[in-house]
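The values are calculated or read from the model by the stated rules, or taken from the named source; none is laboratory data. None of the values given here were measured: they were computed from a predicted structure. Cβ coordinates were reconstructed from backbone atoms using ideal geometry, including for glycine residues, and neighbour counts include every protein chain displayed.
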Amino acid sequence: MSAALSRLARWFAVLGGLCAGAVALMVVVSIAGRALWSRPIQGDIELTQFGIALCISLCLPWAQVQRANIIVDFFTQKAGPAVLRGLDGLGAVLLALMVALLAWRTAVGAQAVREAHEATMILDLPMWWAYALLAPGLALTAVVALVQAFTGMGATPEEHAA
């Protein structure tokens, strides 16, 4: 795995973590405001949906760099290292194709939602923002998976931790 790609994925994950932290703080403030003063943060549900979706898309590339996505190995427990490497490579290619398709359709969807002038119900935020912000994380995940597929899966998670 190239150091620059790994570093970029790490920064995306840091941004995703900050986003999740901000959403968590907003939820706590909104719940406290609702419980204590009957004044929640207006649109807290909309902001939570946007924020967590963004967090997930930003953290996906780092999860792929770390090879931390779920792998069901029930049927391959007795397979040799060569077979496992081949299956890991195939899985990485399939993941790259799937997330590239999601990134593309998310970007196309953002444009369509923008042209339709769709907005959230409470805050009247443009919906296309949410779609557009998801595409970079999905696209980076596709790139990471492709690099892993064609470079023998890159460094092990232990090597990344160092």
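Overview of results
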quantity	calculated
Residue match in segment 81-95 (condition: modelled with pLDDT under 95, out of contact with any helix residue (DSSP H, G or I) (no Cβ under 7 Å at 6 or more places or on another chain) and charged (D, E, K, R))	yes
Test: Leu133 is surrounded by 18 or more Cβ atoms within 10 Å (Cβ to Cβ) and either more than 20 Å from Ala4 (Cβ to Cβ) or in contact with a Gly (Cβ under 6 Å, 6 or more places away or on another chain) (or both)	yes
Number of positions in segment 63-92 that are touching a residue at least 12 places away in the same chain (Cβ under 8 Å), surrounded by 14 or more Cβ atoms within 10 Å (Cβ to Cβ) and farther than 20 Å from Leu134 by Cβ	6
Set Leu101, Leu54, Leu60, Leu95: member being of a type outside the set (Lys, Arg), surrounded by 12 or more Cβ atoms within 10 Å (Cβ to Cβ), out of contact with any Phe, Trp or Tyr (no Cβ under 7 Å at 6 or more places or on another chain) and without any contact (Cβ under 8 Å) to a residue 24 or more places away in the chain	Leu101
Close pairs (6 angstrom Cβ cut-off, 6 or more residues apart or separate chains): in a helix (DSSP H, G or I) in segment 12-38, loosely packed, with under 14 Cβ neighbours inside 10 Å anywhere	Gly33/Arg39
Filter result (among the polar types (S, T, N, Q) and at pLDDT 90 or above) within segment 64-80	Gln64, Gln66
Residues of segment 42-51 satisfying the condition of being buried (at least 16 other Cβ atoms within 10 Å of the Cβ) and either closer than 11 Å to Ala130 by Cβ or over 20 Å from the mean Cα position of the chain (by Cα) (or both)	Gly43, Asp44, Glu46, Leu47, Phe50, Gly51
